[in-house]
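Peer 1: What follows is a structure written as structure tokens; I'll ask about it next.
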């Protein structure tokens, strides 16, 4: 295990070193790789970004506790990516923007652009915490290492190669990571899980779909908002779209990523059912890595171990780069340089590590990051793409701030007793409705 991890870590650091010089030419080179990525690279990079801790560890825990209706966690993301590919990706790429906040600023003005950038940074820091926690769970499941040291070490690795090579390093490692993920998790672990289920039988109480006794339509609606909308409108997702060579490439990559996410989600659910049927022990969040390692056996364990690390890392680097881009390109434009972006990657990596050390709860961190983003940014952005509709920029900015604040308040106080993302989205929609004006031209 140690040797496999050392080889993999050296490989991704090497990619960072090899791309460092070309990424240093300009801020745009560092953040979007000079928009030089073709269909295969963009598809692999976007697929790697959207298949991470939520599609594996969190999904497996949800399927184990709620049954097959937990698959809506993955299906919501699939639907969001399809909406992105079919309706939004070409229009986003045609803006020639560098960040999601810049796209928002082109529509609503510089004030709302800064609000959006601040929200993106906050959400991406929490998502980095989520993914470092997920990596820690995978490593601790396979080794006797101290969890805190693992958390710090993996965060340092993610920060190092992202800061070195920027988007070129991220996409370069994404291609490697996606190949590892497909080979080990879909090509190896999935068939082994199917064989195990054929021997043990499938827990019947977990097989109801689309709803079940432990998960109803309100829960599913919350997941569609919580997870689905950020896959259609997300800083790290849009960064890949904006890095594509052209609009057609962006569209194909998004639709292809939806298919990839569906395949990995189905594989994860099958592995989770196999783990439950085989009575794999440990905390719910560690069900996925423990089951995969048990299925693989000692001979294949190093391969699947590295693949699981790659799965977490493939999303981790993207959120760091997205936060750095929002800061240097939107919040503080005078910092617009590759050097400043590198510093931001390090700073936000440290802040994300701090959040991970404080929370130490994978599912809670997952919900916090998605809740903040889904209830603040998404509805105003989607409204901007509706033909014949204009929204007063003042109400758009207020909807972002009040929606996010309402969701966080409900998350920590539970005053209303409803899902926080639904509470925040409802407030967002209500504020936005007051700013809607008929006509094709915006304020």
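Peer 1: When the stretch 226-236 is examined, which residues are found to be closer than 21 Å to residue 75 by Cβ and in contact with a helix residue (DSSP H, G or I) (Cβ under 6 Å, 6 or more places away or on another chain)?
Peer 2: Passing the criteria: 226, 227, 228, 229, 230, 231, 232, 233, 236.
Peer 1: Can we say residue 354 is closer than 21 Å to residue 101 by Cα, modelled with pLDDT of 90 or more and surrounded by fewer than 23 Cβ atoms within 10 Å (Cβ to Cβ)?
Peer 2: no
Peer 1: On to the next question. Please state which of the following conditions residue 52 fails to meet, knowing it meets all the rest: (1) surrounded by fewer than 22 Cβ atoms within 10 Å (Cβ to Cβ); (2) outside any helix (DSSP H, G or I); (3) modelled with pLDDT of 65 or more.
Peer 2: (1)
Peer 1: Can I ask one more? Select, from 347, 304, the only residue that is over 13 Å from the mean Cα position of the chain (by Cα), under 19 Å from residue 123 (Cβ atoms) and assigned by TED's automatic domain parsing to the domain that holds residue 123. Full working, then the answer.
Peer 2: On the way: 304 fails: under 19 Å from residue 123 (Cβ atoms).
Testing whether each residue is over 13 Å from the mean Cα position of the chain (by Cα), under 19 Å from residue 123 (Cβ atoms) and assigned by TED's automatic domain parsing to the domain that holds residue 123 leaves just 347.
Peer 1: So, restricting to helices (runs of 4 or more DSSP H) that lie completely within the stretch 354-443, which ones have at least 1 residues that are more than 20 Å from the chain's Cα centre (by Cα) and outside the structural domain of residue 115 (by TED's automatic domain parsing)? Break it down stepwise before answering.
Peer 2: On the way: elements: 362-374, 378-384, 393-413, 420-434.
In the stretch 354-443, 378-384, 393-413, 420-434 are the helices (runs of 4 or more DSSP H) which contain 1 or more residues that are more than 20 Å from the chain's Cα centre (by Cα) and outside the structural domain of residue 115 (by TED's automatic domain parsing).
Peer 1: In addition: Given the options 241, 255, name the one that is crowded, with 23+ Cβ neighbours inside 10 Å and touching a helix residue (DSSP H, G or I) at 6+ places or on another chain (Cβ under 7 Å).
Peer 2: Testing whether each residue is crowded, with 23+ Cβ neighbours inside 10 Å and touching a helix residue (DSSP H, G or I) at 6+ places or on another chain (Cβ under 7 Å) leaves just 241.
Peer 1: Now, a different point. Can you tell me which residue in the stretch 168-191 is nearest to residue 49 (Cα to Cα), limited to those that are at pLDDT 90 or above and either crowded, with 17+ Cβ neighbours inside 10 Å or in contact with a strand residue (DSSP E or B) (Cβ under 7 Å, 6 or more places away or on another chain) (or both)?
Peer 2: Residue satisfying both the conditions and the ranking: 182.
Peer 1: So, one more: If you scan the stretch 192-218, which residues turn out to be part of a helix (DSSP H, G or I), loosely packed, with under 15 Cβ neighbours inside 10 Å and either more than 28 Å from the chain's Cα centre (by Cα) or free of Cβ contacts under 8 Å to residues at least 12 places away in the same chain (or both)?
Peer 2: 195, 198, 199, 200, 204, 205, 217
Per-residue answers, yes or no, for (1) outside the structural domain of residue 270 (by TED's automatic domain parsing); (2) in a helix (DSSP H, G or I); (3) closer than 17 Å to residue 234 by Cα:
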position	(1), (2), (3)
97	no, no, yes
101	no, yes, yes
117	no, yes, yes
130	no, yes, yes
133	no, yes, no
136	no, yes, no
140	no, yes, no
163	no, yes, no
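The values are calculated or read from the model by the stated rules, or taken from the named source; none is laboratory data. If you're wondering where the values come from, they're calculated on a predicted model, not measured in any experiment. A quick note on method: Cβ atoms are made from the backbone with ideal geometry, for glycine too, and the neighbour counts reach across all protein chains shown.
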